[in-house]
Amino acid sequence: MSEKKAVHVMIRGRVQGVCFRMETRKAAIQVNVRGWVKNRPDGAVEGVFEGTPENVEALINWCRRGPRMASVSDVVVRDLDYTGEYEDFSIRYE
């Protein structure tokens, strides 16, 4: 089995109201990453990404830029244990 990686990400800056979640989902599908993304009450965007190390890193790098109208000031990445629990990449509305 190929190596897999999981991370928790916290993205700060002007990241809400700029289609960040929708565009992150599109980017995740393009690089074959599973997991989720959601808005937080504090204005940040949070997510969990699972996939190959290369694909997860590609999505993290995309998040450092974000969609055209975003202005990302910080991306905090924390490694997680890979679980394989996600079947796709979803937007959460919690």
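The values are calculated or read from the model by the stated rules, or taken from the named source; none is laboratory data. Worth saying up front: this structure is predicted, and the values here are computed from it rather than measured. Cβ placement follows ideal geometry from the backbone for every residue including glycine, while neighbour counts extend to all protein chains displayed.
Here are a few things to note about the model shown:
- Applying the condition of being surrounded by 14 or more Cβ atoms within 10 Å (Cβ to Cβ) and of a type in the set (S, T, N, Q) to the stretch 5-31 and asking which residue is nearest to S73 (Cα to Cα) yields Q16.
- Meets criteria (hydroxyl-bearing (S, T, Y), modelled with pLDDT of 95 or more, at negative phi and surrounded by fewer than 17 Cβ atoms within 10 Å (Cβ to Cβ)) for S2: no
- Subset of the stretch 6-47 (residues that are more than 17 Å from Y86 (Cα to Cα) and polar (S, T, N, Q)): Q16, N39
- In the stretch 6-24, the residues that are within 18 Å of T52 (Cβ to Cβ) and within 10 Å of the chain's Cα centre (by Cα): V7, H8, V9, T24
- For A27, the criteria (1) touching a helix residue (DSSP H, G or I) at 6+ places or on another chain (Cβ under 6 Å); (2) touching a residue at least 60 places away in the same chain (Cβ under 8 Å) hold in every case but one, which is (2).
- Scope the stretch 67-94; condition among the hydrophobic types (A, V, I, L, M, F, W, C) and either part of a loop (DSSP other than H, G, I, E, B) or touching a Ser or Thr at 6+ places or on another chain (Cβ under 6 Å) (or both); matching residues: M69, A70
- The set of residues in the stretch 10-24 that are hydrophobic (A, V, I, L, M, F, W, C) and out of contact with any helix residue (DSSP H, G or I) (no Cβ under 6 Å at 6 or more places or on another chain) comprises M10, V15, V18, C19, F20, M22.
- D42 being at pLDDT 95 or above, farther than 19 Å from S2 by Cβ and exposed (fewer than 12 other Cβ atoms within 10 Å of the Cβ): yes
- Matching residues in the stretch 40-74 - criterion: being without any contact (Cβ under 8 Å) to a residue 24 or more places away in the chain and touching a helix residue (DSSP H, G or I) at 6+ places or on another chain (Cβ under 8 Å): none
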